[in-house]
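The structure under discussion appears below in the form of C-alpha cells.
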Amino acid sequence: MVRCWFLLSLLFHTLYAHVDFFTSIGQMTDLLYTEKDLVTSLKEYIKQEENKLEQVKQWAEKVDSLTHTATQDPEGYLGHPVNAFKLMKRLNSEWADLESLVLQDTTNGFISNLTNQRQFFPTDEDQTGAAKALLRLQDTYQLSANAISTGDLPGVASGVVHKSRMTVEDCYELGKIAYSDADYYHTELWMTQALTQLDGGEESTIDKVTVMDYLSYAIYQQGELEKALEITRRMLKLDPNHQRANGNLKYFEFQLEKQRKAEEEKNEEVKIREKKDLDKQEAQRKRSNDPLPERKKYEMLCRGEGLKMTPRRQSRLFCRYSDNGRNPRLLLAPVKVEDEWDRPHIVRYHNIISDSEIMTVKELAKPRLRRATISNPITGVLETAPYRISKSAWLSGYEHSTIERINQRIEDVTGLEMDTAEELQVANYGVGGQYEPHFDFGRKDEPDAFKELGTGNRIATWLFYMSDVTAGGATVFTDVGAAVWPKKGTAVFWYNLMASGEGDYSTRHAACPVLVGNKWVSNKWVHERGQEFRRPCGLSEEE
C-alpha cells in the first residue's frame, strides 16, 4: 500500500513540480520514501560490488600462491608440461576473463534509479529555504546556535529518538547562506558555531581557516574592527601565506590606527557624537529590524511571553455546553465551548472534529497542496508572499460527504450560512512554517479584496486544529496579546467584522513558526452575504 502511494505521489510530483517543497511536511514525507528506495538500490549495488571484489580477491590469492611457488624454481616449474599449459591458459584467457569481471558495470540499476528519482529531489532554492527557516526559528524563539546545533530545542526531551545534531558542514552551510544575503549577524553566529565545533575536535572537511575567513569579514561588516583583527591574526598563525588575510591584517590595523588618531584629535562634543555612532554600529550588529512594527510583540507571543489577561477579565471567561438555540442536530450532542479571549471574543470548540474526519481531510488535501497565497491588497489577485510560508489546498462539500458534514457542523454551531462561505482551506506548516500578522477581512483601502467572489467581506473565521504541535505553532493576536495553542480535534472561532459591518482591527493575528512538530489546520472563511437574518446589523460600530 505504501509502495503504491509512493508511486502515485511520484507521478503527481512529475506533473506538479514545485520549488517550495519544504513548506509542507505532508509532502516532505514523500522524500523519505524516495531516499529509502535509493538506499535499497545503493545497498544492492554495494552487494554486487562486494561479490565481484570477492571473486577478484579469490583469483588474486590463487595466482599469488602459484607464482610464489613457481618463481622459487621457474625452470623446474615450467619443466612440467601441465604447468606450462596452465600458464599459457591463464595469461591468454583467464586474465582476460578477470579483466571482463573487473570492468563489469554493476552501477546500471543504481544509476538508473538515481537518475529517475533526481527529478523529485529538492532544489538549491529548497535547501536555501530550509536554512532560512532555521534562522527564522532561531530569531523567533531566541535560540542559540549551539542549542540548534545540538538539537536541544524546546519541547524535545533529551534522548528523544528523532533528536539530531548538526555537523561543522551544516553550520558552515547556514553561515554561507546568511552571508550570501549580506546577513552578517547570522553569518557570525553560525561561523562561530562551526569554529567552536572544530576547536572541540570535531572532524570535518571544512578547515578552520575557511571558516575564519567568513567570520572575520562578517564581524568587520558589523563594525568590530578589533575582533575582526583578532580572528585574522589567528588565521595567519594557521596559514601565514593566506593572501586575503595578509591584506585584511594591514587594512584592519590601518583603520584601527586611524580611529585612535581621530579619537585623540576630537573634542568632548565630538566624542559624544562618536559614542552615538558606536551605539548605532552596535545596533546594526543586532538582527535587522523587520518592516512589521509589531515584530517584537509577535515573537514574544509566539514564545508564550505575551500580555497576561487580568484576573477580573479572566473571571468572565467560561466553559459550557451549547446547542446554539436548540439546534435539532445539537440537542442530543451539544458542543463543548470554552472562551479563549474576551475582546475580540475568541471561542474554542472541543472534540469538534474526529480523528477519522481529520484523516480523510488530510488524505484529500495532500495531492493538492500548493504554496499558500494571499490576496494582493491593491489588485486583489492571489499571489505567494515571503511572510506566509505553508502549503494549502481547497476542498468543497460536493466532492466528499465528510467535507459536506463538516460544513454543516460549522453552520449548526455558528448559526451562519455556509452557502456563501469559501471552500474549506487545508494548510500544512512544515519547517519554520508561519503566517505573519494579518487581517482576514478586507479593509477600506482594499475595496476589491473579495470582489471576484461576489459574497461581500469575510465576516468570521473558523479554524480547525488537526494536529498537536510539540513546540511553537500558536495562533497569536498581536493587537490584544492573545495566544491560542494548537490542540488536535478542537476549533477556534471569531468574528472579523463587528455587527455594524466595520472591520474589527483587534482581530489582527498570525500563525507562529512551527519549532518542533507538524502543524495541520483547516479553516472556513464565512462571508457577509446570506448572514443578514442570521447576524443582523448593529446600530453602531461597536456592536
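The values are calculated or read from the model by the stated rules, or taken from the named source; none is laboratory data. The model shown is predicted, which means the values in this text are computed figures rather than measured ones. We place every Cβ from the backbone using ideal geometry, glycine too, and count neighbours over all the protein chains shown. We work out accessible area using only protein heavy atoms, side chains counted, and drop any ligands, DNA or RNA first. Shrake-Rupley method; radii C 1.70, N 1.55, O 1.52, S 1.80 Å.
For region 143-188, which residues satisfy the criterion of being crowded, with 17+ Cβ neighbours inside 10 Å, part of a loop (DSSP other than H, G, I, E, B) and modelled with pLDDT of 95 or more? Matches in region 143-188: Asp183 only.
Restricting attention to region 439-466 and to residues that are assigned to a strand (DSSP E or B) and of a type in the set (Val, Ile, Thr), the residue that is farthest from Asn428 (Cα to Cα) turns out to be Ile459. A single entry from Ala491, Ala483, Ala474, Ala499 fulfils the requirement of being within 21 Å of Asn351 (Cβ to Cβ) and over 21 Å from the mean Cα position of the chain (by Cα): Ala491.
In region 501-518, the residues that are under 30 Å from Ala147 (Cα atoms) reach residues that are buried (at least 19 other Cβ atoms within 10 Å of the Cβ) and among the charged types (D, E, K, R) with C-beta atoms within less than 6 angstrom, at least six apart or across chains, in these pairs: Ala510/Glu436. In this structure, Gly481 does satisfy being at positive phi and either open to solvent by less than 30 Å² (accessible area, probe 1.4 Å) or modelled with pLDDT of 95 or more (or both). Within region 224-231, one or more residues are farther than 24 Å from Asn146 by Cβ, out of contact with any strand residue (DSSP E or B) (no Cβ under 6 Å at 6 or more places or on another chain) and either open to solvent by less than 70 Å² (accessible area, probe 1.4 Å) or outside any helix (DSSP H, G or I) (or both).
Scan region 317-352 for residues that are assigned to a loop (DSSP other than H, G, I, E, B) and either more than 27 Å from Gly481 (Cα to Cα) or open to solvent by 50 Å² or more (accessible area, probe 1.4 Å) (or both) and the total you get is 16.
Kindly check whether there is at least one residue in region 528-541 that is in contact with a helix residue (DSSP H, G or I) (Cβ under 6 Å, 6 or more places away or on another chain) and either open to solvent by less than 10 Å² (accessible area, probe 1.4 Å) or under 18 Å from Phe441 (Cβ atoms) (or both). No, region 528-541 has no match at all. Annotation: Ala194 fulfils all but one of (1) open to solvent by less than 60 Å² (accessible area, probe 1.4 Å); (2) part of a loop (DSSP other than H, G, I, E, B); (3) in contact (Cβ under 8 Å) with a residue 12 or more places away in the chain; the unmet one is (2). Apart from one condition, Val469 fits all of (1) open to solvent by 30 Å² or more (accessible area, probe 1.4 Å); (2) outside any strand (DSSP E or B); the exception is (1). For region 114-125, the condition holds for at least one residue, the condition being that it is open to solvent by less than 40 Å² (accessible area, probe 1.4 Å) and polar (S, T, N, Q). Against the test of being farther than 30 Å from Tyr429 by Cβ, modelled with pLDDT of 90 or more and in a helix (DSSP H, G or I), the options Glu54, Glu49, Glu44 yield a single qualifying residue, Glu54.
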